[in-house]
Number of protein chains: 2
Amino acid sequence: MIDTEDEDRTRTRSEEPADDIYAENGSVRADFLALVGAAIADRDILFLRQHVARLHESELGDLLEAIQPEQRLALVRLLGADFDLTALTEVDEAIRLEIVEQMPNEQIAAAIGELDSDDAVYILEDLDKDDREEILAQLPFTERVRLRRALDYPEQSAGRRMQTEFVAVPPFWTVGQTIDYMREEDELPESFTQIFVIDPTFKLLGIVDLDRILRTKRQIRIESIMRETNYPIPAEMDQEEAAQIFEQYDLLSAAVVDDNGRLVGVLTIDDVVDVIQEEAEEDFMRLGGVGDEELSDSLAETSRSRVPWLAVNLVTAFLAASVIGIFDATIEKIVALAVLMPIVAGMGGNAGSQTMTVTVRALATRSIDIHNAARIIRREAGVGLLNGVLFGLLIGVVAGLWFQDANIGGIIAAAMLINMIAAALAGIMIPLVLDRIGADPAVSSAVFVTAVTDVIGFFAFLGLATWWFAAV
Amino acid sequence: MIDTEDEDRTRTRSEEPADDIYAENGSVRADFLALVGAAIADRDILFLRQHVARLHESELGDLLEAIQPEQRLALVRLLGADFDLTALTEVDEAIRLEIVEQMPNEQIAAAIGELDSDDAVYILEDLDKDDREEILAQLPFTERVRLRRALDYPEQSAGRRMQTEFVAVPPFWTVGQTIDYMREEDELPESFTQIFVIDPTFKLLGIVDLDRILRTKRQIRIESIMRETNYPIPAEMDQEEAAQIFEQYDLLSAAVVDDNGRLVGVLTIDDVVDVIQEEAEEDFMRLGGVGDEELSDSLAETSRSRVPWLAVNLVTAFLAASVIGIFDATIEKIVALAVLMPIVAGMGGNAGSQTMTVTVRALATRSIDIHNAARIIRREAGVGLLNGVLFGLLIGVVAGLWFQDANIGGIIAAAMLINMIAAALAGIMIPLVLDRIGADPAVSSAVFVTAVTDVIGFFAFLGLATWWFAAV
């Protein structure tokens with residue numbers, strides 16, 4: 001795609017950028033950014049073609065993210081047909097949309113034709129319907145049909161992520177015929193690691209890995225070396241589920257089939273790696289209460305995306321405050337309680353988060369289930385008891401010395417123990433229950449766990465104190 | 001490896017287990033577990049050979065995790081030579097060690113010989129030195145040398161994860177010679193997707209993907225179709241760094257070279273996927289304050305692993321408490337302050353976690369750097385200001401109405417605003433600084449961020465109240 005004309009290689013900038021565009025810390029090198037920025041300002045197309053167009057798609061993507069927002073579109077325009085659209089699959093959604101929406105549909109259509117279908121779908125699926133239709137209309141018939149079919153599958157399904165280019169042969173061919181076919185055929189996928197065996201209706205019969213073909217004598221028939229596809233992926237399957245199959249069975253690629261078992265595409269490990277990354281990131285972000293925010297989001301978008309979570313926390317914060325309110329008479333008499341009560345609630349909150357983190361992760365990797373749930377609940381309750389005794393004693397002694405009052409030391413120790421056990425149970429039971437009723441435990445667990453440890457922490461500490469000092 | 005004798009297939013158990021050992025929710029089916037449990041109790045080797053030995057290594061791994069601890073060793077013993085040791089690469093470390101330590105070294109040595117070198121290293125590296133040497137001594141010479149070399153590389157390096165079996169040919173061979181060689185040679189790796197081109201000293205010259213060989217005519221020379229290896233992985237490179245190269249350049253496998261550029265092995269995407277998963281999991285767990293705990297850890301191990309984090313939190317909790325202690329006279333006069341103060345600290349803590357989560361993730365994926373840090377810090381400060389105004393007003397009105405006191409409403413609103421801005425700045429600056437000084441931001445950020453939001457939250461609220469009510 002990139003055609004650097006050797007005879008044109010007259011240097012316009014004295015420094016030659018080094019091969020590696022990354023600095024030690026993994027970010028794009030500042031001197032390279034400066035060179036690119038200057039080249040964009042000078043409209044130095046020659047430099048950009050030689051040093052930017054030759055970059056790997058993911059390097060170009062990183063470059064697009066690193067330069068100033070106003071330089072992005074200028075760079076794309078200057079590169080023209082030399083701009084590798086695949087780079088857009090490597091950048092934040094906001095940046096991708098910003099660039100694609102400004103590009104003329106004709107240029108997108110021309111570039112889309114060069115892409116593998118999975119990359120093309122990745123870019124097309126974010127466009128609004130009108131632009132998408134206009135671009136599709138400019139593509140050759142077979143290309144258009146293929147992309148339409150992939151786009152018809154639900155978002156985040158295997159059908160959306162699959163590549164529709166693949167090599168398929170009939171079972172009665174010999175290895176020799178197959179090799180000859182691959183040597184003659186021009187329209188092969190850019191790269192592939194296995195070929196598929198199909199009947200005339202495209203029904204999937206088997207798979208042959210390329211190394212198997214290379215080890216086998218020419219006259220052997222394909223059907224005798226093909227292996228059954230144990231894990232064909234239905235096109236409607238959620239991409240996360242498909243990724244789990246890849247991981248479990250160490251697949252490099254897998255056939256994607258429609259409802260009738262007909263081969264419609266191939267899902268490859270590189271797309272699956274992206275899915276695995278995205279899912280891990282999603283869980284991570286959700287547990288932190290930040291949804292699917294991206295680094296390139298604007299101030300207003302960021303603020304808006306964080307409000308719901310903060311609002312829910314506000315409700316539980318007032319709930320905890322109202323628990324304190326019950327005991328205001330006691331606090332008025334013994335101010336030490338107000339000083340110490342955040343310790344009980346805070347330590348419980350931390351212990352609860354620990355248990356919750358382990359549980360949410362175990363649910364995501366499916367390593368917790370009915371067989372071991374009981375054992376893990378027992379273990380967590382035990383950990384809560386053990387750490388509750390340990391930290392209860394510690395805090396009790398420190399608090400008792402601080403306020404020179406053994407009563408307060410004893411009360412906070414007991415409250416600590418109660419809250420640590422409550423934290424352990426909340427940390428494991430809440431994600432389990434949320435998962436069971438079909439809610440995403442990563443999204444909603446934290447708020448409930450903190451609510452429980454705050455309410456129980458304040459109630460146990462202040463309640464015990466009220467009862468004890470009323471009793472003595 | 002598994003040799004099911006068809007003539008022996010007399011059923012001893014009436015129900016035939018279905019093909020899929022997993023239930024809907026992804027855990028191992030209870031009825032299958034019951035059948036396996038009964039077969040272990042009855043020492044029904046036939047059943048185990050037919051239905052357990054035939055499982056995929058990852059299925060066998062899941063089964064080992066799901067059965068009772070005391071059944072595990074019994075199952076391994078009953079399967080004997082039919083036990084696929086690879087399954088041990090799929091289970092928790094604690095379970096792997098428990099099984100391997102009980103297996104006779106002779107049985108391990110015999111089974112290790114059947115494994116790919118990367119799986120063999122994975123199992124050997126956890127054993128103590130004596131056992132490891134005893135097992136290695138029983139292996140054939142070349143096998144032993146290969147494994148020793150891999151084990152000599154640092155833990156978690158590419159050299160540890162690489163496979164030492166690969167196909168390498170000289171550059172002057174033709175495609176035809178190469179194919180003929182692969183057809184004749186018995187000692188090829190179990191599966192491969194590319195072959196390497198080397199000089200007589202094993203120096204890496206290039207790589208040829210199998211699909212390229214298949215598309216090329218027999219008489220063409222390998223050197224004319226090989227491509228340069230842009231991304232050879234030094235054997236000493238950290239596995240995480242190697243994984244990032246795989247991800248960035250969508251590699252399926254990569255050559256691993258020693259200090260002199262000599263080919264020593266090949267790193268494949270399936271191992272890299274595991275590394276990616278582990279790293280994502282590590283960050284997730286660290287942020288939750290639970291280190292590298294595993295689900296199979298004992299109560300005591302779990303308790304111990306969580307104590308350090310709780311202890312650090314205890315220190316910051318007392319710090320926050322001592323801030324409250326400064327204002328005990330004010331609280332004694334106005335108990336409403338004690339009731340409301342956790343709201344200010346808690347909301348700040350949540351806002352801080354949100355910013356911190358985004359920052360830690362961005363650092364892990366290297367998407368934050370000096371070029372965009374300033375922009376993101378400005379954005380976060382803006383988000384803190386915006387959400388501070390929003391939630392300050394909201395809380396101010398509710399608190400003012402609750403306690404029928406406009407002063408308290410105004411004070412909490414102002415404190416809220418201050419703490420939200422502090423939370424935003426702490427949430428982004430603390431991970432950035434930790435990363436800059438070489439600490440892992442995932443491990444230590446949360447405790448510092450909460451300390452800041454607690455201290456500033458209490459200080460701002462109680463300090464403003466003290467000043468205001470002294471002033472009026």
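The values are calculated or read from the model by the stated rules, or taken from the named source; none is laboratory data. Values in this document were obtained by computation on a predicted structure and should not be read as measured data. Here the Cβ is made from the backbone with ideal geometry for all residues, glycine too, and neighbour counts use every protein chain on show.
With respect to A:GLY427, determine if the residue is assigned to a helix (DSSP H, G or I) and farther than 15 Å from A:MET341 by Cβ.
The answer is yes for A:GLY427.
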Query raised in the report: In this structure, does B:ILE326 turn out to be out of contact with any helix residue (DSSP H, G or I) (no Cβ under 6 Å at 6 or more places or on another chain), of a type in the set (A, V, I, L, M), closer than 25 Å to B:VAL397 by Cα and surrounded by fewer than 23 Cβ atoms within 10 Å (Cβ to Cβ)?
Result: no
Requested in this report: Go through the range B:337-359 and give me each residue that's under 16 Å from A:MET285 (Cα atoms) and either within 8 Å of chain A (Cβ to nearest Cβ) or surrounded by fewer than 24 Cβ atoms within 10 Å (Cβ to Cβ) (or both).
Outcome: B:ASN350, B:ALA351, B:SER353, B:GLN354, B:MET356, B:THR357, B:VAL358
Requested in this report: Identify, from the list A:GLU57, A:GLU65, the residue that is farther than 19 Å from A:VAL121 by Cα and within 14 Å of chain B (Cβ to nearest Cβ).
Outcome: A:GLU65
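Taking the stated definitions as given, is A:LEU97 part of a loop (DSSP other than H, G, I, E, B) and either free of Cβ contacts under 8 Å to residues at least 60 places away in the same chain or crowded, with 21+ Cβ neighbours inside 10 Å (or both)?
Details: part of a loop (DSSP other than H, G, I, E, B): no; either free of Cβ contacts under 8 Å to residues at least 60 places away in the same chain or crowded, with 21+ Cβ neighbours inside 10 Å (or both): yes.
Judged against the criteria, A:LEU97 is not a match.
Going by the structure shown, is A:GLY289 part of a loop (DSSP other than H, G, I, E, B) and touching a Phe, Trp or Tyr at 6+ places or on another chain (Cβ under 9 Å)? Write out each step before concluding.
On the way: part of a loop (DSSP other than H, G, I, E, B): yes; touching a Phe, Trp or Tyr at 6+ places or on another chain (Cβ under 9 Å): yes.
Considered against the rule, which asks whether it is part of a loop (DSSP other than H, G, I, E, B) and touching a Phe, Trp or Tyr at 6+ places or on another chain (Cβ under 9 Å), A:GLY289 comes out as yes.
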Query raised in the report: Looking at B:ARG144, B:ARG149, B:ARG183, which one is basic (Lys, Arg), away from chain A (no Cβ under 14 Å) and farther than 17 Å from B:ALA255 by Cα?
Result: B:ARG144
Report summary line: Residues of the range B:366-391 being basic (Lys, Arg) and facing chain A (nearest Cβ under 7 Å), in sequence order, are B:ARG366, B:ARG379
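Could you identify the single residue in A:ALA168, A:ALA158 that is within 24 Å of the chain's Cα centre (by Cα), under 30 Å from A:ILE225 (Cα atoms) and at pLDDT 90 or above? If you could, list the steps in order and put the result at the bottom.
On the way: A:ALA168 fails: within 24 Å of the chain's Cα centre (by Cα).
Among A:ALA168, A:ALA158, only A:ALA158 is within 24 Å of the chain's Cα centre (by Cα), under 30 Å from A:ILE225 (Cα atoms) and at pLDDT 90 or above.
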**Report entry** Among (1) touching a residue at least 40 places away in the same chain (Cβ under 8 Å); (2) within 25 Å of B:VAL175 (Cα to Cα) - the single one A:MET182 does not satisfy
**Finding:** (1)
Query raised in the report: Does the range B:391-402 contain at least one residue that is touching a Ser or Thr at 6+ places or on another chain (Cβ under 8 Å) and touching a residue at least 24 places away in the same chain (Cβ under 8 Å)?
Result: no
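One line per residue, one yes/no per condition, for (1) crowded, with 19+ Cβ neighbours inside 10 Å; (2) at the interface with chain B (Cβ under 8 Å from one of its Cβ atoms):
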{"position": "A:ALA254", "(1), (2)": "yes, no"}
{"position": "A:LEU267", "(1), (2)": "yes, no"}
{"position": "A:ARG286", "(1), (2)": "yes, no"}
{"position": "A:GLY289", "(1), (2)": "yes, yes"}
{"position": "A:SER298", "(1), (2)": "no, yes"}
{"position": "A:GLU332", "(1), (2)": "no, yes"}
{"position": "A:VAL335", "(1), (2)": "yes, yes"}
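Residue by residue, here is whether (1) free of Cβ contacts under 8 Å to residues at least 60 places away in the same chain; (2) buried (at least 20 other Cβ atoms within 10 Å of the Cβ); (3) of a type outside the set (A, V, I, L, M); (4) not in a helix (DSSP H, G or I) holds:
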position	(1), (2), (3), (4)
A:ASP131	yes, no, yes, no
A:GLU143	yes, no, yes, no
A:ALA150	no, yes, no, no
A:GLU155	yes, no, yes, yes
A:GLY159	no, yes, yes, no
A:GLY176	yes, no, yes, no
Query raised in the report: What are the residues in the range A:1-58 that are exposed (fewer than 13 other Cβ atoms within 10 Å of the Cβ), among the basic types (Lys, Arg) and at pLDDT below 80, if any?
Result: A:ARG9, A:ARG11
Report task. Restrict the check to the range B:372-386 and report whether at least one residue is closer than 22 Å to A:GLU301 by Cβ, over 34 Å from the mean Cα position of the chain (by Cα), of a type outside the set (Lys, Arg) and in a helix (DSSP H, G or I). Result -> yes
